[in-house]
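Read the structure below first, then the notes.
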Amino acid sequence: MICIIFDAFKRNFGVLLLAFVLSTSHSAFAQTAADLVADIDAASPGDTIIVPAGDYGAVSLRWNDFSPAVTLQFEDGAAIQNLRLRDVTGLVFENLMISAGIANDPVREIAVLVQRGGDITFRNSSFAWAEDDDPSNDGTILIFDGVDGVKVENSHFSDMRDGVIVKNSANVEIWGSHFTDLLKDGIILSGSNNIVIRENACTDFQRIEGLNAHPDCIQLQAGSNAVANTNVLIADNSILMLDGERAQGIFIKSRFASAPHQQITVENNLIRQAHHLGIYAENVDDLIIRGNDILPAFNSVDTPRILVRDPSSNVLIEENTAPLIRAPAHATVQNNTILD
Ligand SMILES: [Ca+2]
Ligand SMILES: [Ca+2]
């Protein structure tokens, strides 16, 4: 009997050894939300945690601090409904699927909320509320509030009220991501600095009858605490109407005279839309609008344009193509192509 057990032990030794090697190479295999939280709590800086397929429901993390970051590698079919990070530093979410379902209170519900902390990356991930062609049951997808180091890379956002909201944060990169089937805004920034919004696309805005949603692909505002944004690059994004409703393109405004946006560059974006606010800027110091193509969508009755309003200072508008450009007399407007 002992020999049999020993033989079995010998047969399984390779498996045990493999498991031991894997565990000492700092990989873990979560099965439930509780496992996942426990694995993260037990991780060391630089670890990778494999998250197998399954529905993890609501996941809430706090007080984790990793440098270098810990990577959560989600396998296909691993879904989280609702994610909360509070005071978490150093996490990479790779191939995450957020499937938030129907929002009972779409104005207030948020699928992913990241508060404080920093060095948080979402990469190759997908995010959606209820994918049913009904925008009235979709909440906001992702909010960063007070986070130093935000990356959203090569990800897909659909069926949402608002997409990504970044407030009171720093060192933000939103890159290569697609926002589609959205009711309001793709990306909203307030009170933040050192931001790059590059190579994203907004397509197929939706509409609710009777709701004046002021949809924009990218909106900069000063927020309720009257802090605008500083050092922002918005480049190489595409904002296309396609089969959706017309929408505004890039909308930059601070309604607080004492809090202008500063050092804003809007460069090489393509906007093909049917709303006159193609690129709009008001209350900005140091503004460059360069090399953008603003084109009317097919059968457009409300031709998109570039519009800059005072208060604003040190404004340069050059090398754009647009049906119309309007700017204060003090702006430098040169080498643009005005479409007939
Ligand atoms: Ca929906
Ligand atoms: Ca808006």
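Readers should treat all values here as calculations from the given coordinates under stated rules, not as data from a laboratory. Just so it is clear, the structure is predicted and the values come from calculations on it, not from any experiment. Virtual Cβ from ideal backbone geometry, glycine too; neighbours counted across all protein chains shown.
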Of the GluC sites (Glu not before Pro) in the stretch 159-252, which ones lie in a loop per DSSP and count no more than 10 other C-beta atoms within 10 Å?
-> Glu209
Everything considered on the Cα gyration tensor (a ≥ b ≥ c; rounded for a/c under 1.5, else prolate if a/b is larger than b/c, else oblate), the stretch 151-294 must be described as rounded
How much net charge surrounds Trp175 when only other residues with a Cβ under 11 Å from its Cβ are counted (Lys, Arg +1; Asp, Glu -1)?
-> -1
Straight distance only, please: which aspartates and glutamates reach the Cα of Lys151 with their own Cα at less than 12 Å, same-chain residues fewer than 8 apart left out?
-> Glu94, Asp119, Glu173
Percent relative contact order of the stretch 100-338, based on C-alpha pairs within less than 8 angstrom and at least six residues apart?
-> 11 percent
The whole-number value in µm²/s of the Stokes-Einstein translational diffusion coefficient for the chain, with Rh from the Kirkwood sum over alpha carbon pairs at 10 °C and 1.306 mPa s, is 74 µm²/s
Between Gly90 and residues 5 or more places away or on another chain, which pairs have amide H atoms under 5 Å apart, with H built 1.01 Å from N, and which residues are they?
-> Phe66, Gly118, Asp119, Ile120
Rounded to 10°, Cα long-axis angle of helix 2-24 versus longest principal axis of the chain | 20 degrees
Mind listing which trypsin sites (Lys or Arg not before Pro) in the stretch 98-127 are in a DSSP loop and have 13 or fewer other Cβ atoms within 10 Å?
-> Arg108
Enter the Cα centre distance for the pair the stretch 77-128 and the stretch 224-293, rounded to the nearest angstrom.
-> 26 Å
In degrees, nearest 10, the alpha-carbon axis of helix 33-42 is tilted away from the dominant principal axis of the alpha carbons of the chain by 80 degrees
What trypsin sites (Lys or Arg not before Pro) in the stretch 217-268 are in a loop by DSSP, with at most 12 other Cβ atoms within 10 Å of the Cβ?
-> Arg255
